[in-house]
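Each value in this text was obtained by applying a stated rule to the coordinates, not by laboratory testing. It should be emphasised that the depicted structure is a prediction, and the values quoted were computed from it without experimental measurement. In this analysis, Cβ positions are derived from the backbone assuming ideal geometry, glycine residues included, and neighbour counts consider all displayed protein chains.
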Amino acid sequence: MNARAALTLWQRELQRFFRQPSRVAGAIGTPLVFWLFMGSGLGGSFRLPGASGVSYLQFFFPGTIALVLLFAAIFSTISVIEDRHEGFLQGVLVAPVGRGAIVAGKVLGGATLAWLQGLVFLLLAPLAGLPLTVPSFLAAAGVLALLAVGLTAIGFGFAWKVDSVQGFHAVMNVVLLPMWLLSGSFFPLVGAPLWLGLLMRINPLTYGIAALRGAIGGGGGATVAMPVFPLGITAGMALVAFAADLLVTRGGRVE
């Protein structure tokens, strides 16, 4: 029963997405503009310590994919607030379905959409000068899956507690976007001020970006030799965020 409920919620997320093609433009269009404009504008002054010959378009590319995932996760988890206001979520909660099935269906549905959009953007890697081979594509796809689950689960936890879309946007601006900015996506950890470097080191998304760089490059050449530690931290972020969602949903009834 719970597995069927989770599958139904997962399918519902996908159906809603394909009925709203504007979400694709929002999730991919904005990061694409960021990558093209900022990558081109900062390319002339960018120098990555210890990795000569890496352009800013190459360095910024893995972070841009993470931004695609972040926007896709935000758009998908906003549906939690919409479902609450429309009464759908209350109907699901009174049904004989475990909270774990609700979390799994909503998070995995949103993560699937984020992952698919991230894969589409990943195909642009050759335009950034990053060779995309079958092994590097598969390795990057695995990292993107972990990041998609982690970011969607984080967004779900906030959306479950926030009562309005406006409030969720505030969370996005105060928590989620700074989390991306301090992940090594926009500027490297090397050379950052001490206090900023500490924030970047305790940010779990930093290690997801490092694992993604290990898969496709963007920090000194393409490679599939992903460091085990960053990959483990990324997987841990996804598991901890998912477990936190289970605790949040069991903490009380959604009004």
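Global dimensions of the range 133-242 from alpha-carbon coordinates: Rg and Dmax equal 14.8, 45 Å. Sorting 210-216, 197-203, 230-236 by average packing, meaning the other beta carbons within 10 Å per residue, from highest down gives 210-216, 230-236, 197-203. For the range 173-190, backbone phi angles converted through the Karplus equation (6.51, -1.76, 1.60; θ = phi - 60°) give residue-by-residue couplings of 6, 8, 10, 6, 5, x, 4, 6, 4, 9, 10, x, 6, 8, 8, x, 5, 5 Hz, Gly and Pro being listed as x. How much length, in nm to one decimal, is gained on full extension between R201 and H169, taken as 0.36 nm per residue of separation minus their Cα-Cα distance? My answer for the length gained is 9.0 nm.
Annotation for the range 64-78 versus the range 130-202: alpha-carbon center distance of 9 Å. Taking a Cβ cut-off of under 10 Å around G109, the surrounding Lys, Arg, Asp and Glu residues balance to a net charge of +2, with basic ones at +1 and acidic ones at -1.
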